[in-house]
1. Please identify the trypsin sites (Lys or Arg not before Pro) of segment 224-293 that satisfy two criteria: DSSP loop assignment and at most 10 other Cβ atoms within 10 Å. Which are they?
2. Identify, among 130, 203, 164, the residue whose Cα sits farthest towards the positive end of the charge dipole of segment 117-204, taking +1 on the Cβ of Lys and Arg and -1 on the Cβ of Asp and Glu, with the dipole about the Cα centre.
3. Could you compute the net charge surrounding residue 273? Neighbours are other residues with a C-beta less than 14 Å from the C-beta of residue 273; K and R count +1, D and E count -1.
4. Starting from segment 244-294, pick out the GluC sites (Glu not before Pro) whose DSSP state is loop and whose Cβ has at most 13 other Cβ atoms within 10 Å.
5. All other residues with a Cβ under 13 Å from the Cβ of residue 296 taken together, and with Lys, Arg as +1 and Asp, Glu as -1, what is their net charge?
6. Farthest toward the dipole's positive end in segment 54-124, which of 62, 80, 103, given Cβ charges of +1 (Lys, Arg) and -1 (Asp, Glu) about the Cα centre?
7. Where a ≥ b ≥ c are the square roots of the eigenvalues of the C-alpha gyration tensor, would you call segment 89-229 rounded, which needs a/c under 1.5, or, failing that, prolate if a/b is larger than b/c, or oblate?
8. Using alpha-carbon pairs under 8 Å, 6+ residues apart, how would you state the relative contact order of the chain in percent?
Amino acid sequence: MKKHSFITWIVLPLMLPMSLAILASCREGGQNSIEVEEIEVLPDDIVELREDQIKLAGIEFGSIETRSLGSTLNVRGTVTTSPQGLATVCLPMGGFVTSTSLLEGSAVSKGQTLAIIENQDFIDIQKDYLEAVARLEFSEAEFRRHSELFKEEVYSQESLQQVTAEYKSLKTQVKALEQKLSLIGIRSSDLKEENIRGTLPVVAPISGYIQAVHINIGKYVAPSDVMFEIVSSDHLLLELTLFEQDVDKIAQGQNIRFFVNNETEEHLATIYQTGKSISADKTVKALARIQGHCSKVLPGMYVRAVIETSSDRKVTCLPSESIVSFDDKDYIFVFEQDKEEDGKPFTEYRMIEVRKGFTDNGYTEILLPDGFDHTKARAVTKGAYNLLSAKKNAGEMAC
């Protein structure tokens with residue numbers, strides 16, 4: 001053991017100068033050969049992009065807005081029509097159909113001829129009217145003459161009363177026949193002996209399109225038979241079904257956005273009436289007027305509607321696509337600064353943590369950190385998810 005200890009004490013002094021020499025040589029030889037590269041370390045909430053990366057990401061800016069957002073209610077319903085927008089075409093007097101060329105879906109204008117009807121009774125009414133007018137003219141002359149003679153005490157009062165009664169009876173008969181002519185579409189002022197006719201046109205009472213045709217050439221149409229059904233696309237309504245618990249959220253004048261046939265095209269309507277009783281299935285009907293002319297909206301279609309139940313809250317908000325989620329938190333990106341490195345321009349974007357509120361019509365309410373001045377911020381409204389991807393991956397798009 002002593003020998004080993006002795007050897008150790010002798011070896012170490014010999015090795016120490018050599019080790020020091022080697023270390024000194026390494027320091028002297030490598031003093032100028034080691035280069036220190038500076039690496040920029042970005043803060044955790046900053047993302048950097050070059051100009052070409054910004055274009056690829058589709059970055060667009062916008063301001064953080066203050067606008068009214070209200071809650072909405074999603075409901076289902078059908079398209080119907082108001083009473084003044086639906087016309088059932090009948091004829092007060094029957095007849096045989098001699099002409100028609102309309103089919104379901106045909107567009108018609110008010111006053112347009114829909115069909116031609118023929119009936120012997122049309123001729124009889126016109127004849128009776130013209131004969132009654134002729135007798136009335138004679139009776140009126142007799143009445144005036146007898147009145148003058150009665151004043152001169154030539155005619156008795158009984159004779160005058162008889163002439164007067166006949167005159168009034170004919171006058172009443174003429175008025176009644178005028179009304180009959182009007183009902184079948186004949187103007188009494190235009191009727192003369194030479195233009196008596198046995199056929200009459202059936203005209204459209206409103207403009208719209210033919211929803212149903214119930215006649216054909218040669219068919220006899222009774223006064224109670226429906227010949228055509230016409231629907232006006234300018235008087236369409238929505239009949240919406242509301243659940244009992246949602247009734248108090250609906251009021252006259254509220255705006256509606258609705259869609260038909262799973263289309264993305266948006267149509268507008270306004271509530272004008274709500275039901276006053278609860279049905280057996282615990283629902284209530286609400287009616288809304290469709291705004292404008294919607295050629296694709298037809299009666300009977302099913303619709304899905306979004307009712308704006310309130311719109312008086314002023315909140316800070318951004319388009320919903322501006323807000324991204326990461327690690328169960330929500331963020332927006334805002335412009336930080338433009339800078340240049342090695343002659344290349346870069347743009348920095350800062351992540352701001354926010355809390356989401358209500359979403360309505362493509363916009364989402366955001367609650368910003370204390371002290372953040374949203375009036376001066378330029379928020380990223382498009383491409384926010386690309387910035388988030390660049391931040392998470394720090395690869396293809398990140399610097």
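Read-outs: derived from the displayed coordinates by stated rules, not from any lab. Just so we're clear, the structure is a prediction, and the values are computed from it rather than from any experiment. Heads up, the Cβs are rebuilt from the backbone with ideal geometry, glycines too, and the neighbour counts pull from every protein chain shown.
1. For trypsin sites (Lys or Arg not before Pro) across segment 224-293 that sit outside H, G, I, E and B with at most 10 neighbouring Cβ atoms in 10 Å, the list reads 276, 282.
2. The one lying farthest along the dipole's positive direction is 203.
3. It works out to a net charge of +2.
4. Counting only loop positions with at most 13 other Cβ atoms within 10 Å, the GluC sites (Glu not before Pro) in segment 244-294 are 263, 265, 266.
5. With Lys, Arg at +1 and Asp, Glu at -1, the net is -3.
6. Most positive-ward Cα: 62.
7. Verdict is prolate for segment 89-229.
8. RCO, the chain: 27 percent.
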